[in-house]
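The values are calculated or read from the model by the stated rules, or taken from the named source; none is laboratory data. Computed from a prediction, not measured in an experiment: that's the story for all the values here. Virtual Cβ from ideal backbone geometry, glycine too; neighbours counted across all protein chains shown. These accessible areas exclude ligands, DNA and RNA; they are computed on the full protein's heavy atoms, side chains included. Shrake-Rupley method; radii C 1.70, N 1.55, O 1.52, S 1.80 Å.
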Amino acid sequence: MPELPEVETIARSLKFGGVTGESIINRTILSAELCWQRTLASSGHGCIFEDWLTGKTVTDVSRRGKYLLLSIPPKTLLIHLRMSGDLRLVPSSDEMRKPHDRFYLHFLDNTSLAFNDTRKFGRIWLTDDPDEILGELGVEPLSENFTADWLANRLKHSSRMIKPLLMDQKVIAGIGNIYADEALFRAGIFPGKKADTMTHAEIELLVESIRAV
């Protein structure tokens, strides 16, 4: 179940090279292939989507929360892996195809970026303005804005249990079930503890634990 660390790893691999192969930066798209129409969040526009991507060049790869952002000027391709999604960069051939591949970007250099998603929960968007999809995401937990004072201010007005609050993407972007559990365990905080009952010392320890985990 990809969360911030897994998505960041994929973003860096696609940008700089790594587990997915070489970087996809400056690769020109020969064609796009949508294998399952509902992978495209704005369903019903698959042909337009594929036609627009043809001949475009990937200029950057980044991450926001659990989303991958592929800059393909003047638009951005957003990818959310959800529970079972994954990306791989492979030589273009019939042999590279796998069951549950939902989407391909085929490049001019005879390589392909494949989006595999067993459970079909993953989604992609092609948008002029990423903030239309990402605008409500909360603070990045590794950013300088994520401090104990900031978190204390968010928690003091909430009677929610701390674990589901940490997983709320509108509060903190990128934390899911796995890393919420790990951070709370490291901090010695019960997942069912009410947010507005936490002391500042506990919050400081929690912020430190989230960053470390």
Positions within the stretch 44-93 being closer than 26 Å to residue 167 by Cα and part of a loop (DSSP other than H, G, I, E, B), in sequence order = 65, 66, 81, 82, 83, 84
Has the stretch 7-14 got at least one residue that is surrounded by fewer than 18 Cβ atoms within 10 Å (Cβ to Cβ), in contact (Cβ under 8 Å) with a residue 12 or more places away in the chain, among the β-branched types (Val, Ile, Thr) and not in a strand (DSSP E or B)?
-> no
Tally of residues being within 19 Å of residue 145 (Cβ to Cβ), in contact with a strand residue (DSSP E or B) (Cβ under 8 Å, 6 or more places away or on another chain) and in a loop (DSSP other than H, G, I, E, B) across the stretch 159-173 | 2
Of (1) assigned to a strand (DSSP E or B); (2) within 18 Å of the chain's Cα centre (by Cα), residue 31 satisfies all except one. Which?
-> (2)
When the stretch 121-157 is checked residue by residue, the ones that are open to solvent by less than 20 Å² (accessible area, probe 1.4 Å) and part of a loop (DSSP other than H, G, I, E, B) are 122, 138, 141, 146
Filter the stretch 174-188 down to residues that are over 19 Å from residue 144 (Cβ atoms) and crowded, with 19+ Cβ neighbours inside 10 Å, then give me how many there are.
-> 4
Report, ordered by the first and then the second residue, all pairs with beta carbons closer than 8 Å, sequence separation of six or more or different chains, a first member in the stretch 194-213 that is among the charged types (D, E, K, R), and a second member that is open to solvent by 70 Å² or more (accessible area, probe 1.4 Å).
-> 194/159; 194/160; 194/161; 196/156; 196/157; 196/159; 211/142
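Table: residues versus (1) within 16 Å of the chain's Cα centre (by Cα); (2) part of a strand (DSSP E or B); (3) hydroxyl-bearing (Ser, Thr, Tyr).
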position: 95; (1), (2), (3): no, no, no
position: 102; (1), (2), (3): no, yes, no
position: 105; (1), (2), (3): no, yes, no
position: 116; (1), (2), (3): yes, yes, no
position: 119; (1), (2), (3): no, no, no
